[in-house]
Amino acid sequence: MLRFCLGFLTTCLLVGCATHEDVKRSDITGLTQQITALGPDVDPAEASRVATIAHSYPLELKTAYGVTDLPLIHNAKVNQGLRHRGLCWHWADDLETRLKQEGLKTLQLHRAIANADNLRIQHSSVIVSAQGETIKEGVVLDPWRFGGYLFWSPTLDDERYVWVSRRTVFEERRARD
């Protein structure tokens, strides 16, 4: 109970520091609860930090990337050289880099790819799990899907994508080449 209370207080403090008004406390609280439920050893304060950053940091990236359109339209702008960043793997790289700065002890970050067999529509994202678990036991943190507004879901409940470890995808590609 003490760990939950500390996590809740941390969430409240971090939400107060969020720089974007579109991050709602209920969004962060829901994700914090989902991440905390990943395992009995997950630190609620760590889960709260991840949830807060996963919601607020992509909104900073949205501004930095100059996102004003739907994700696929923004992708076209990046591919035409009209925008410098904003493809799904940019979002995943930047979110993963930011979350790694937290020095997570009870949580583990994974990179995953969906539709890896189709280079034109493959999709990359970050998945968070309890330490030592796989992406299947994790939660997808996808800031690209809604152009900076975080989509999150337990990995196996994501109805749009079937996620595979990026490492597995790269190993399979190397084996084919």
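Every number here is computed from the coordinates shown, using simple stated rules; none is lab data. Here the structure is a predicted model, which is why all the values come from computation and not from measurement. With ideal geometry, Cβ positions are generated from the backbone for all residues, glycine too; neighbour counts draw on all protein chains shown.
In order along region 127-141, phi translates into HN-Hα couplings of 10, 10, 9, 5, 3, x, 8, 9, 5, 5, 9, x, 10, 6, 10 Hz, rounded to whole numbers, per the Karplus curve 6.51 cos²θ - 1.76 cosθ + 1.60 with θ = phi - 60° and x for Gly and Pro. Near the amide H of Gly86, within less than 5 Å, lie the amide hydrogens of Trp91, all on another chain or at least 5 residues away, with H placed in the peptide plane.
Within straight-line reach of Lys136, meaning a Cα separation under 12 Å, sit the following aspartates and glutamates at least 8 residues removed in sequence or on another chain: Asp157, Asp158. Per residue, the convex hull spanned by the Cα atoms of region 85-159 measures out at 90 cubic angstrom. Amide H contacts under 5 Å for Leu107: Gln131, restricted to partners 5 or more places along the chain or on a different chain, H placed in the peptide plane at 1.01 Å from N. When you filter the GluC sites (Glu not before Pro) in region 20-89 for DSSP loop state and at most 14 other Cβ atoms inside 10 Å of their Cβ, you are left with Glu21. The gain in end-to-end length when the His84 to Ser153 segment is fully stretched comes to 22.0 nm, 0.36 nm per residue minus the alpha carbon separation. Here Leu82, Leu99 are placed in order of increasing Cβ neighbour count within 10 Å, fewest first, which gives Leu82, Leu99. With the largest listed first and rounded to whole Å, the semi-axes of the equivalent ellipsoid of the chain from the Cα gyration tensor are 27, 21, 12. Computed from Cα atoms, the angle from the helix 166-176 axis to the main principal axis of the chain rounds to 30 degrees. Listed by chain and number, the lysines placed with their C-alpha closer than 26 angstrom to that of Lys77 are Lys62; residues fewer than eight positions away on the same chain are left out.
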